[in-house]
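Notes to accompany the following structure.
The values are calculated or read from the model by the stated rules, or taken from the named source; none is laboratory data. All values reported here derive from a predicted model rather than from experimental measurement. Reconstructed Cβ throughout: ideal geometry from the backbone, glycine too, with neighbour counts over all protein chains shown. Remember, those area values only see protein heavy atoms, side chains included, never the ligands or the DNA or RNA. Shrake-Rupley method; radii C 1.70, N 1.55, O 1.52, S 1.80 Å.
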Amino acid sequence: MRFVKKPSPANVKARHPLPEGEGRLLERYFFERPVLKVARDLLGKYLVRRYRGKVTAYMITEVEAYDGPKDKACHASRGRTERNKVMFGEAGHFYVYFVYGMHWMLNIVTGKPGYPAAVLIRGVEGVNGPARVCKKLHINKKLNGKLAAHKSGLWFEDGGIKIPAEKIKRTPRIGVAYAKEWAMKPYRFVFD
DNA sequence: ACGATGATGAAC
DNA sequence: TTCATCATCGTA
């Protein structure tokens with residue numbers, strides 16, 4: 001956790017477009033790129049939550065890329081459905097869904113509109129596991145389809161930290177063994 | 001190693 | 001309407 005503070009409305013307005021945290025808001029164009037690049041670049045960035053008036057930022061430490069209709073581990077590989085439709089829309093929007101009868105998963109949509117891809121946020125500083133991230137940040141269905149921006153109460157910031165390539169490990173994704181040859185692709189990104 | 005726990009999507 | 005599945009986690 002980088003900081004915890006109460007934003008005063010005056011302060012937020014005065015500092016726009018660098019409100020809330022001290023980092024720079026990641027705008028939509030950051031996410032309008034190939035999902036593997038976005039995934040890699042999200043490491044070291046901050047996921048920032050405003051909840052009940054308090055703002056907290058967490059450095060992102062672990063992500064996974066889900067890459068379009070041909071990726072058998074990606075929900076979009078079974079076509080567009082009510083659940084996954086957000087992935088087919090504009091980059092920079094959250095795709096949040098419920099699994100195993102008890103856990104929420106947070107994804108951010110990437111790439112060009114119409115191409116269904118997203119990055120799963122698997123871990124942040126001090127919080128390992130995608131379900132724990134959502135529990136800690138109070139993330140649920142209400143954020144599904146929302147733009148990652150201040151008004152949503154959940155967004156990303158660049159805190160000026162660049163994780164060097166040699167610190168980043170790529171591994172197969174977790175929990176997608178059913179995806180056959182796609183299960184072994186090194187689409188998970190982590191750093192120490 | 002396994003059970004919890006319920007929404008989702010596809011089959012029937 | 002029923003049923004298998006599921007991008008997980010806590011307990012053992």
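Just a few scattered comments:
- Check on A:T110, polar (S, T, N, Q), under 30 Å from A:K167 (Cα atoms) and either open to solvent by 10 Å² or more (accessible area, probe 1.4 Å) or without any contact (Cβ under 8 Å) to a residue 12 or more places away in the chain (or both): no
- Residues that are within 18 Å of A:H75 (Cβ to Cβ) number at least 3 in the following strands (runs of 3 or more DSSP E) confined to the range A:86-192: A:94-99, A:103-109, A:117-124.
- Check on A:G89, out of contact with any Gly (no Cβ under 7 Å at 6 or more places or on another chain), of a type outside the set (S, T, N, Q), open to solvent by 20 Å² or more (accessible area, probe 1.4 Å) and at pLDDT below 95: no
- From the list A:L143, A:L120, the one residue that fits, being open to solvent by less than 30 Å² (accessible area, probe 1.4 Å), of a type in the set (A, V, I, L, M, F, W, C), within 13 Å of DNA strand C (Cβ to nearest atom) and within 24 Å of A:R49 (Cβ to Cβ), is A:L120.
- Extreme residue, farthest from A:L25 (Cα to Cα), among residues of the range A:95-106 that are open to solvent by less than 10 Å² (accessible area, probe 1.4 Å) and within 14 Å of DNA strand B (Cβ to nearest atom): A:V96
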